[in-house]
1. Give the residue that is least open to solvent (accessible area, probe 1.4 Å), with candidates limited to residues of region 38-64 that are within 17 Å of I97 (Cβ to Cβ) and of a type in the set (D, E, K, R).
2. Does L74 satisfy being buried (at least 20 other Cβ atoms within 10 Å of the Cβ) and not basic (K, R)?
Amino acid sequence: EDVPILKHMSAEAKLSLCQVLKPSFHAQNVAITVEGEEPDSLFIIRFGTVKLYSQGKELCTLYPGDIFGENAILGLSQDGMRTRTAIAESMVELCTIRAEEVLQ
């Protein structure tokens with residue numbers, strides 16, 4: 001319920017989504033995604049904070065409930081590759097959704 005983009009989903013759709021979510025944990029200062037890499041997942045922040053960078057420049061800080069990694073998974077990047085690097089600013093717990101699950 002704390003994820004804005006999911007607030008308008010039906011209970012059935014949320015249940016289906018929950019069945020494919022997998023937890024992942026990342027230590028502080030560890031890269032979760034790297035700009036230019038092929039995407040394999042998108043992420044919802046459960047706990048902690050993540051900083052996004054593009055071409056070495058800090059773009060923003062993401063907080064619990066925020067989603068990242070979706071652009072490349074959904075084909076919204078020009079070359080289909082990741083357009084940002086995501087680094088755990090603190091210890092982070094993410095809900096991870098694999099690309100093949102999103103595209104079903």
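1. Per the criteria, the residue is D40.
2. When the stated conditions are applied, L74 does not pass them.
This table checks each residue for (1) part of a loop (DSSP other than H, G, I, E, B); (2) modelled with pLDDT of 85 or more; (3) over 13 Å from the mean Cα position of the chain (by Cα).
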site: I45; (1), (2), (3): no, yes, no
site: E58; (1), (2), (3): no, yes, yes
site: A72; (1), (2), (3): no, no, no
site: S77; (1), (2), (3): yes, no, yes
site: M81; (1), (2), (3): yes, no, yes
site: A86; (1), (2), (3): no, yes, no
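The values are calculated or read from the model by the stated rules, or taken from the named source; none is laboratory data. Model, not experiment: these values are computed from the prediction. Using ideal geometry, Cβ is built from the backbone for each residue, glycine included, and neighbour counts are taken over all protein chains shown. Ligands, DNA and RNA are excluded from the accessible area calculation, which covers all protein heavy atoms including side chains. Shrake-Rupley method; radii C 1.70, N 1.55, O 1.52, S 1.80 Å.
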